[in-house]
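Read the structure below first, then the notes.
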Amino acid sequence: MTSPPGIQEARAAARLGIITPGRKRVFFAAMALLGLALPYVVYPVFLMNVLCMALFASAFNLLLGYTGLLSFGHAAFLGSAAYVTGAVVKYWGLPTELGLLAGTAFATVLGLVIGSLAIRRAGIYFAMITLGFAQMIYFLVVQLPWSGGEDGLQGVPRGKLLGLVSLEGNFRMYFFVYAIFLLGFYVIYRTIHSPFGHVLRAIRENEPRALSLGYDVDRYKLVAFVISAGLAGLAGSTKALVLQFASLADVHWHRSGEVILMTLLGGMGTVMGPSVGALLVVAMDNYLAGLGDWVTVIVGSVFVVTVLAFRRGIVGEILRLARNFPF
Amino acid sequence: MIQALFGQLLLGLINGSFYALLSLGLAIIFGLLNIVNFAHGALYMVGAFAAWLMLDLLGVGYWPALLLSPLLVGLFGAFIERTMLRRLYALDNIYGLLLTFGLTLILEGLFHHQYGNSGKSYPVPEALQGGANLGFMFLPLYRAWVVVISLLVCFASWWVIERTKLGSYLRAGTENPRLLQAFGINVPLLFTLTYAFGVALAAFAGVMAAPIYQVTPQMGSHLIIVVFAVVVIGGMGSILGSIVTGVGLGLLEGLTKFIYPPASATVVFVVMALVLLFRPAGLFGREA
């Protein structure tokens, strides 16, 4: 895969001095403050949903945007982690933190298994293989006796943070989720900008060349896959606690498609793109829910238009504008 | 007991011939256009709905529908190729997959909005009602017809591609479209026809499926994911390979349904995992 158009804009912006380390710091500080202020203005549950999906999409972007691997089965990690967390918290009565850890660990191990099989084929086959395994996970979840089948796993308690602070209130829960999001986002950011991340990009740009330079390409791909799966799991576990419910929709292939749309729409291969895309897609799901089946049609149409005419994504387009009107 | 076993095997054989028809179309499209057509399952569903609508609204029966529905879906495919897919050939092939995924959502959403979840039943054509008692099992005539005709269409496609002039253009285009164009062949038209033909095969399978399964908006989505697995297992390099893999996996599914029903939905993916472990290029695959 060659570099996605969004990232070319990001690179040009950095070269022209539009993105500088100082400006970056100011931007991220402003964003972090905005995140603290938002729940006073916007409904916290909606925000928490956005944060979970933003983390999910950012983790996905580590693969698609930075390694050039299109996983069509990322819902498997999001959803299975949600079920694991829901089950250990509800049935075993484990504390919230251990529940999150269990879900994340499960998704990580699942990522290791699926990833080590899927990277044996390249390109478009990789997408088909991940889709297949995710469908398998979907059927297993449907058939599990404790998963609640079509109804999902309901009545998951949020519990108490460190056994002290109750998380039942949406306000407290929001700040907890926000902390998880920032942690996950930081891990992804550090991964992208580490030497390891640079090798990933080299693999995306030119895999044979990275191989000939002596990098164990398969290992790098696998590690990226496992990190991505683990963080997708963290997002899913958190979501199960937020909604107090693990839903079959989170394991379904529609969700795997949705996370691709978030990344593509926001700008694949850009740091902020997936979060912007997640905000838009969750808002669309939320505010258009009354339209029923039309939501699917709209999501499909957005997909088609984005692929045909808007491949840089929103963040990519903003960067392109910034290049033409430098400030 | 024996009755049940052969009943499941027959159903597996039918599914297998649908897998073969669909993976054949996918392989032809991918070979020339370098696009993995996610919409294949949705167009199979549209094919089935087209037959049902023709009967319901116009009173057009099974036999004309068997021809008309693939024709209509083929035309629709040509439209998709001309207006959308054509713009993506110069790009990475993930965009083709994503575009056709979007089309799948649109089609499924529209049909779901119009017809809901409940399945529409389509009558078995009069000439093929009833069946024969073979002693060890009862063979419904229609099911036998589906298996025979699907395999015939598969082999006819193989013959056209491997043994005719038109097929030689297709094979040449798969190797090197620019060189073929330099020889004066209308390659863009060949692309359109290939896509139309591939999705017409899917619609054909859809019409044949209509009397066996209920016609629902979701009938194609699980199918396409299984067919992807079939393609991974068989490899897209060989046409006969996709036919053999499709039929074989259908039979295996039928057998699993008899031995341990809960595993029947996932057995294909288990085989996919095994193939990736031991023969990553696929059973008939050429590329690594």
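What follows draws every value from the coordinates through simple rules; no lab data is involved. Every value quoted in this text rests on a predicted model; they were computed, and no experiment measured them. Backbone-built Cβ (ideal geometry, glycine too); neighbour counts: all protein chains shown.
Structure above, values below:
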| item | result |
| --- | --- |
| Backbone HN-Hα couplings from phi across the range A:69-79 [Karplus 6.51/-1.76/1.60, Hz, Gly and Pro as x] | 10, 8, 8, 9, x, 6, 4, 4, 6, 4, x |
| A:Asn286-B:Leu139 FRET efficiency (beta carbon distance; Förster radius 35 Å; 0.05 resolution) | 0.10 |
| Distance between the range A:1-76 and the range A:246-287 - C-alpha centres, whole angstrom | 12 Å |
| Peptides ranked, highest mean first, by Cβ atoms within 10 Å: ranges A:84-95, B:123-134, B:29-40 | B:29-40, A:84-95, B:123-134 |
| Estimated inter-spin distance, A:Ala30 and A:Tyr189, nm [label 7 Å along Cα→Cβ] | 1.5 nm |
| Compactness index (Cα Rg / 2.2 N^0.38 Å), the range B:2-278 | 1.00 |
| The range A:132-205 versus the range B:48-65: alpha-carbon centroid distance in Å | 47 Å |
| Residue-averaged 222 nm ellipticity for chain A, from DSSP H runs of 4+ at -39500 (n - 2.57), nearest 500 | -24000 deg cm²/dmol |
| Distance between modelled label sites at A:Gln8 and A:Leu101, nm, 7 Å Cα→Cβ extension | 4.7 nm |
| Number of partner chain Cβ atoms within 10 Å, mean per residue of B:84-94 | 4 |
| Shielding of A:67-76 by partner chains, average beta-carbon count, 10 Å | 2 |
| Residues of the range A:242-266 with amide N under 19 Å of the 7 Å Cα→Cβ point at A:Val305 | A:258-266 |
| Extension reserve of the A:Ser212-A:Glu317 stretch, reckoned as 0.36 nm per residue once the Cα distance is removed | 34.4 nm |
| Alpha-carbon Rg with Dmax, taken over the range B:138-276, Å | 17.6, 57 |
| Rh by Kirkwood over Cα pairs, then Stokes-Einstein D for the protein assembly as shown at 1.306 mPa s and 10 °C, µm²/s | 63 µm²/s |
| Chain A: angle of helix A:123-143 to the longest principal axis, Cα-based, in degrees nearest 10 | 10 degrees |
| Where labels lie 7 Å past Cα in the beta-carbon direction, separation of B:Leu283 and B:Val148 in nm | 2.5 nm |
| At least 27 Å along the helix axis (C-alpha) and Kyte average at least 0.5, DSSP helices within chain B | B:2-33, B:62-83, B:94-115, B:141-163, B:187-209, B:239-259 |
| For residues of B:265-276, the mean tally of beta carbons on other chains within 10 Å | 5 |
| Chain A, dipole about Cα centre (Lys/Arg Cβ +1, Asp/Glu Cβ -1), debye to the nearest 20 | 1040 debye |
| CD proxy at 222 nm, helix term only [per DSSP H run n ≥ 4: -39500 (n - 2.57); per residue of chain B; nearest 500] | -23500 deg cm²/dmol |
| Exposure proxy order (Cβ contacts within 10 Å, fewest to most) of A:Leu222, A:Leu265, B:Leu9 | A:Leu222, B:Leu9, A:Leu265 |
| Cα-based Lys pair tally, chain A, threshold under 27 Å, eight or more apart or on separate chains | 4 |
